[in-house]
Amino acid sequence: MSRPILIDCDPGTDDAIALWLALGSPELDLQLVTVSGGNAGLDRTLANASAILSLAGSEVPVVPGADRPLMGRFTGDVRVHAADGLAGVPLPRGRPPAPGLAADAIRTALRGAGPEELTLIGIAPATNLALALATEPALASRVREIVLMTGAWGEGNWTPAAEFNAASDPEALSVLLMAGVPVTLVTLELTAQALVTPERISAIRARGGGACLRAACDILATTPPSRRLGGAGHPLHDPCAIAWLVAPALFSTRPAAVLVEGGSGPGRGRTHVDRWGRTSADPNAAVAETLDADGFFALLGERLARLP
Ligand code: BDR
Ligand code: CA
């Protein structure tokens, strides 16, 4: 039986690959895609999400959500994702988005689910998911797991202290961490292990495949290498959250108490991850720590090759 999921995203180069990995994985039953601003403005991320799904022949509804976080505004990240959010790789226009708003659509999906049935995957600022759960907390009982690509136990990639998604809406991330459902965190330390190199792109390209695989490889090849990781490649963040659900044996995890820093100082968005039980706080998340990177890229290539 495939696992019912919804994905909240802000495409975004790595969001695109994550959506295609989910669509190519029969273990997952993608029921809804919700979109927020983040890597680019909402109009761009929404158009990208529709184009990504349409290229894969998917008719899963794509619903627009937050164009700003709970406080302040989104900043965008043109350095990594370019102004179009997809590193300048053009995709054919997708189907029009579904009517409605993300938080409403998420609540509707949860109301229609059984107890602990639906898995929520967040690969964007946590705004849409937090709005849905904060406005009807009883729906947490329908959630099987929340999987988030967010945070870091060390240095950030947006500010010295904070990872991009966590920095974009720390208050929303706090809501999810306190929702009382199992949360798995895929942090920067995990995604640093999913390093995209020219050799790995060539191996994926060599599988042939269709338009999705070719576009994925073009996006991977165009995304700039990470200075933070020594320039050898770039980390493929968001697909790791999908891979955790498809092939958990590729990962190791550790329970930890995770707290998000708010406020307006330089630590805003920092995730304090107590991996070693140094505080008296009970663990509220499983933190993914290690990844079998070769297994991950083999899985990614194999699943991309199944798509049109
Ligand atoms: C996260 O921020 C975005 O730029 C990526 O899409 C990913 O979700 C990595 O910090
Ligand atoms: Ca993202």
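Quick one: is Ile106 aliphatic (A, V, I, L, M), within 16 Å of ligand 1 (Cβ to nearest atom) and under 30 Å from Thr159 (Cβ atoms)? Give the derivation first.
On the way: aliphatic (A, V, I, L, M): yes; within 16 Å of ligand 1 (Cβ to nearest atom): no; under 30 Å from Thr159 (Cβ atoms): yes.
So Ile106 fails the test.
Between a residue in the stretch 262-291 that is in a loop (DSSP other than H, G, I, E, B) and any residue that is open to solvent by 60 Å² or more (accessible area, probe 1.4 Å) and β-branched (Val, Ile, Thr), which pairs come within a Cβ distance under 8 Å, given they are 6 or more apart or on different chains?
Nothing qualifies.
Which ones in the stretch 1-43 are of a type in the set (D, E, K, R) and open to solvent by 10 Å² or more (accessible area, probe 1.4 Å)?
To start, the set of residues in the stretch 1-43 that are of a type in the set (D, E, K, R) comprises 3, 8, 10, 14-15, 27, 29, 43.
The answer is Arg3, Asp14, Glu27, Asp29, Asp43.
Of the residues Arg254, Arg228, which single one is open to solvent by 40 Å² or more (accessible area, probe 1.4 Å) and in contact with a Lys or Arg (Cβ under 7 Å, 6 or more places away or on another chain)? Give the steps one after another, and end with the answer.
Values: Arg228 fails: in contact with a Lys or Arg (Cβ under 7 Å, 6 or more places away or on another chain).
Answer to the check: Arg254.
Count, please, the residues in the stretch 129-183 that happen to be over 16 Å from the mean Cα position of the chain (by Cα) and assigned to a helix (DSSP H, G or I).
14
In the stretch 23-111, which helices (runs of 4 or more DSSP H) lie fully inside it and hold 1 or more residues that are of a type in the set (Gly, Ala, Ser)? Before the answer, list the steps.
On the way: elements: 42-55, 78-81, 102-111.
Per the criteria, 42-55, 102-111.
For the stretch 168-189, enumerate the residues that are among the polar types (S, T, N, Q) and closer than 20 Å to Cys240 by Cβ.
As a first pass, look at the stretch 168-189 and keep what is among the polar types (S, T, N, Q): 168, 174, 184, 187.
Correct list: Ser168, Thr184, Thr187.
Can you name the number of the only condition in (1) at pLDDT 95 or above; (2) outside any strand (DSSP E or B) that Ser252 fails?
So Ser252 meets the others, but not (2).
Mind checking whether some residue in the stretch 63-73 is hydrophobic (A, V, I, L, M, F, W, C), within 22 Å of Arg268 (Cβ to Cβ) and within 12 Å of ligand 2 (Cβ to nearest atom)?
no
Residue under question is Leu220, and the condition is that it be open to solvent by less than 10 Å² (accessible area, probe 1.4 Å), more than 26 Å from Glu117 (Cβ to Cβ), more than 12 Å from ligand 1 (Cβ to nearest atom) and within 18 Å of the chain's Cα centre (by Cα); does it hold? Can you show your working first?
On the way: open to solvent by less than 10 Å² (accessible area, probe 1.4 Å): yes; more than 26 Å from Glu117 (Cβ to Cβ): yes; more than 12 Å from ligand 1 (Cβ to nearest atom): yes; within 18 Å of the chain's Cα centre (by Cα): yes.
Here the answer is yes, as Leu220 does meet what is asked.
Which residue pairs have Cβ atoms closer than 6 Å, lie 6 or more positions apart in sequence or on different chains, and pair a first residue in the stretch 53-72 that is touching a residue at least 60 places away in the same chain (Cβ under 8 Å) with a second residue that is assigned to a loop (DSSP other than H, G, I, E, B) and among the polar types (S, T, N, Q)?
Gly65/Ser36; Ala66/Ser36
The values are calculated or read from the model by the stated rules, or taken from the named source; none is laboratory data. Small disclaimer: the values here were computed from a predicted structure and weren't measured. Every residue, glycine among them, receives a Cβ derived from its backbone with ideal geometry; neighbour counts consider all protein chains shown. Each accessible area value is taken on the protein alone, full model and side chains, heavy atoms only, with ligands, DNA and RNA left out. Shrake-Rupley method; radii C 1.70, N 1.55, O 1.52, S 1.80 Å.
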